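Chemist: Structure provided below as C-alpha cells; questions to follow.
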Amino acid sequence: MDSAALLTGRWRQGLIARGRTTAREELRDARDRLIGSDPGLSRLRQGVRAAVAVATTAVVQYAVARLTGVTGKTLVLHIMLGCVLAMNAATIIRETRRTAIVKATAGTPVAAALSATVAVLTAPIRPLSVAAFVGVSFLAVWVRRFGPRWFTWGFLAWQAYFFSMFLKPPVSALPGLLLAVLVSSLWVGILLVTVLYDDPEAHLRRTVDALRARARAVVSTSLEVLEEPTSDRPVRALRRDLIRTSEVALLFDGQLSEQRALPPGVAPGTLRKWLVDLEIGVDEVAGSIVDIAEAVEHGGPGAPGLETLNAIRPTLQALGWGDLEHARQHLADLGQAPHNTIPAVRRLTNAGTLLLDTVTDWLSGRILRSAQEAGADAHHDFAEDEYGFEPVVRLFGGNLPGSMALATAAVAGGDTSHSWSPGRLRFTTRQAIQAAVAAALAMAAGELISPQPYYWAALAAFITFTGASTTAETFRRGMARTVGTLLGLVAAIALAQVTSGHDLVTFALLIACVFLAFYLQAISNAAMVFFITLMLGQLYALLHTFTDDLLFVRLAETAAGAFAGIIVSFVVLPAPAHDTLVTARQTLMGHLGNLLDDLGRLLRGEPPEADVYAAVVEVDEAARQLAMAQQVSIRPRFVDADAGGRQHRVAVLGACAAAARSFTQAVLNAPSGLPEEPSAVCRVLAEEARRLADVPNLRDQRPAAADRPGLAEEVAGLLEEATGIPLVLSRRLQRLADAMALLTPRGRW
C-alpha cells in the first residue's frame, strides 16, 4: 500500500514537473514569436505612440478649449482636428535625435495651419475647393524629395486639408482651429522627446533579441524538417523563417549608421561582422538539416542511421531553446565517430559551433570587451578604417526601405523619348502627378455617389499611393483598403449597437482601435483599415451622427477612390511590376558578381576594392528586394503560365545569396598560399553572375553550343585539378556553383 502510494506520488510529481516544463517552453516560444515578429518592438511602440497621442491630446485640447471659453460643436471640432494631427505626427516622426524631433514638430503647425486655412477659405466655392485639394495632393507628394521631414510636413498638410473639409468649420472658427493645430503640435513634440522617446541603443538591443528569436525559430523549424523528411511543407516554412531572419539582420545593419545606437567603444564594422557570422551559422544549420532530410528520404550509403538521427534531435532542441551549454556538448558528440563520417552531419556540427560561438560572443560581452580593448575594429587585415563604414541599408522611419529605388531604376531604364516619359521624371514628381490625377478622378466619382462625403473617395485614392511604388503594390493596397473597409463597417454596425449611449466605453474602444490599427499597419494594410473603420464608427457614435447608411456610403466612396488610384497607376506614368522584378534580379546578380570579384582578390592575396562584409549585406538586401518584388505580383497562375517557374527562380536566387554569404566566411578563414583554382572559379562565377545581370530575360541563358559543359560541372572540374584546398572552401564554392546552375532559361525574365 505504501509502495503504491509512493509510486503514485512520484508519478504525480513527474507529471507536474513535465507540465511546468511544457508551460515554460510554451511561454518562451510565445515570447520568441512576439519578439521575432516585431523586431525592436517597433510595431508595439508605434501603436502605443498613436494611442497615447490621441488620448492625451483629447484631454489637452479639452482643457485648452475650456480655458478659452470654447464649447459645443466648436469644442468637438478642436478636439477632432487636434487628435488627428497628433496621431499622424506621433507615428510619422521617427527621428532618433531630440533636436531633430523638435525641428520636425516645429514645422508641423506651419504646414497644417496653412493647409487648413486654404481649406476653410475655399470651402464655400466648390470648384475652387476641389482645385485647391488637387493642388495640395500634388504638393504633399512632391515635397517628399527633400527627405523624411518634408514627407511628414506634406502628409500632415494633406491630412489637415482633408479633415477641414470633413469637419466643415465656418470661417469664424478658423482662429480656434489654428490654435488647436498649434496646441497639438506642441503637445506631440513634448510627448516625442519625453515619454514616447525611443533610445537608439535600447532599440538596437531589442533588435538583437529579435534576431536571436528568429534564429531559434529557424532551428525549431529545422527540427520539423527532420521529423517530416518527405514533406515540402516544413521546407517552405524553413525558407520563410530564413527570409524573416535576413530581414531582421538587415534592420540591425541599418541601425548601425546611428552612432548613438552603438555600445560605447564598439565600431559598427565589428557588429556587422558579428551579424554576418550569425546569419551564416543560421543558414548553414538550416542547409545541413535539409541535406540530412533529403539523404533520409532517398536512402543510400550517405544517409544517417537511427543512432545519428537520435543524436541530431537533442542538438537541435538545445540550439532552438537557447540551452547553449547542452548544445555545445551535443555538438561535441556529433563530431565523434560514427556521426562525423557523414558530410551533412559535419556541416551541421561546424554550423552549430559557429552559431553558438557567435551568440556567446554577444551574451558574454566578449565582442564588446574585445572591441573596447583594441580601441578599433581589427576583425581583419582590411579594417573598416581603410574603407570607412558606409550604411548599406538606409532605414525609412525606422523600417526597411520599400521598392522605391528599384521602381525608380526600372522606370529610368524605360522609354525616355519625350519630356513626359516616366523615365525622365523624378519618382516624387511622377507619383505627385499620379496622386493629383487620382484625387481629381476619385472626387468626381465620389460626387456621383454622394455629394456630402465625397472626400472619403479622395482619401482612399491618396492613401493608395502612400508606400506603393509599382502598379502591383498600388493594386494590392487599393484592394486591401476596400476589403478592410467592408469588413470594418460590418463590425462597426454591430459594435455601435452595443456601445450606443456609453460615451466613455465608446472613447476607450476608439483608442483601442487606434492602437491596433497602427500596431498592425506594417503587417496588413487590410487589418489597419479594418480598425480605422471601426474607429470611425465609434467616432460617429460620439458625434451622435452614426447611421448604417453613412458607413455604406463610405464603403462605396472608398471602393471608388481605390479603383481610381489603381486605374491611374496603370495608365498615368506607370511603374510596371514586371520591370521592377527584372531590375531586382539584375541588381542582385550585379552585387553578387562584385562580391565574387573581391573574394577572388582575397584568395590571390590581394586587397579587395571594398569592405567585404558590406558587400555581403548588399547581396542580402538585393535578395530581400527581389523576394519583395515577387511577393507583390498580381498575375494569377491561371493567366500566367510561368508563375511557378518564376517563383522557383526567385527561391534559387535567394539560395545563391545565402551560398555566397557562407562562401565569404570560408574565404575569410582560409589559410594563405592557396592554389589559383579557387580564384579562377570565383572569376568564372562572377562572369556568369554578370551575364545573368545583363540579359533582359532568362531565355537568353541558353548555351550557345550544345556541347558546352554546365556551370556546376565546369566548377567541379576546376576544383578537382587542385590540391591543398580546404574542404569547407571547395564545398561552399561548389554549392554556390550548383545554385547558380539551377537558373534555367525558362520564363520571361
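Each reported figure results from applying straightforward, stated rules to the coordinates on display, with no laboratory input. Keep in mind it's a predicted model, so treat the numbers as computed, not measured. Because the Cβ atoms are built from the backbone with ideal geometry, glycine has one as well, and the counts that use them run over all protein chains shown.
Chemist: Report relative contact order for segment 200-374 in percent, whole number only (criteria: Cα-Cα under 8 Å, sequence separation at least 6).
Modeler: 28 percent
Chemist: Pull out the extension gain between residue 71 and residue 497, defined as 0.36 nm times the separation in residues minus the alpha carbon to alpha carbon distance; nm, one decimal.
Modeler: 150.6 nm
Chemist: Within segment 173-212, what residues put their amide N at less than 19 Å from the label point 7 Å along the Cα-to-Cβ vector of residue 146?
Modeler: In segment 173-212, the label zone of residue 146 (backbone N under 19 Å from the point 7 Å along Cα→Cβ) covers no residue.
Chemist: Grab the eigenvalues of the alpha-carbon gyration tensor for segment 200-374, scale each by 5, take roots, and send me the semi-axes largest first in whole angstrom.
Modeler: 32, 17, 11
Chemist: Please list, in order along segment 315-320, the HN-Hα scalar couplings obtained from phi with the Karplus expression 6.51 cos²θ - 1.76 cosθ + 1.60 (θ = phi - 60°), rounded to whole Hz, x for Gly and Pro.
Modeler: Here the 3J(HN,Hα) series is 5, 5, 4, 5, 5, x Hz.
Chemist: First measure r as the distance between the Cβ atoms of residue 424 and residue 99, then evaluate 1/(1 + (r/R0)^6) with R0 = 35 Å and state the FRET efficiency to the nearest 0.05.
Modeler: Approximately 0.40, to the nearest 0.05.
Chemist: Work through the residues other than residue 483 whose Cβ is under 13 Å from its Cβ and net out their charges, Lys, Arg +1 and Asp, Glu -1.
Modeler: So the environment of residue 483 carries a net charge of +3.
Chemist: Distance in nm between label sites at residue 466 and residue 307, each 7 Å beyond Cα in the beta-carbon direction?
Modeler: According to this spin-label approximation, the distance is 6.4 nm.
Chemist: Mind computing the radius of gyration and Dmax over the alpha-carbon atoms of the chain? Å is fine for both.
Modeler: Looking at the chain, its Cα Rg and Dmax stand at 29.1, 98 Å.
Chemist: Further question: In the neighborhood of residue 220, defined by Cβ-to-Cβ distances under 10 Å, what is the net charge if each Lys or Arg adds +1 and each Asp or Glu adds -1?
Modeler: So the surrounding residues net to -3.
Chemist: Next question. In deg cm²/dmol and to the nearest 500, what is the mean residue ellipticity at 222 nm of the chain if only DSSP H runs of at least 4 residues count, each as -39500 (n - 2.57), divided by the residue total?
Modeler: -25500 deg cm²/dmol
Chemist: What FRET efficiency, computed as 1/(1 + (r/R0)^6) with R0 = 51 Å and r the Cβ-Cβ distance, is obtained for residue 360 and residue 106, rounded to the nearest 0.05?
Modeler: For R0 = 51 Å, the calculated efficiency reads 0.65.
Chemist: So, one more: Need one number: nm distance between label points at residue 128 and residue 549, each 7 Å from Cα along Cα→Cβ, rounded to one decimal.
Modeler: Distance between the two pseudo-spin positions: 3.2 nm.
Chemist: Right, here's the next one. Return the aspartates and glutamates within reach of residue 73: Cα separation strictly under 19 angstrom, same-chain partners fewer than 8 residues apart disregarded; answer none if there are no such residues.
Modeler: Within reach: 503.
Chemist: Round to a whole angstrom and tell me the spacing of the C-alpha centers of segment 455-518 and segment 130-159.
Modeler: Here the two parts' Cα centres lie 22 Å apart.
Chemist: Okay, moving on. Can you tell me the orientation of helix 126-142 relative to the chain, as the angle in degrees between its alpha-carbon axis and the longest Cα principal axis, to the nearest 10?
Modeler: Result, in degrees: 20.
Chemist: What is the helix-to-structure angle for 471-499, meaning the angle in degrees between its Cα long axis and the longest Cα principal axis of the chain, kept from 0 to 90 and rounded to the nearest 10?
Modeler: 60 degrees
Chemist: I would also like to ask the following. If you wrap a convex hull around the Cα atoms of segment 499-648, how much volume per residue is inside, in Å³?
Modeler: Hull volume normalised by residue count: 185 Å³.
Chemist: Could you tell me the calculated FRET efficiency between residue 28 and residue 447, based on Cβ-Cβ distance and R0 = 51 angstrom, to the nearest 0.05?
Modeler: 0.35
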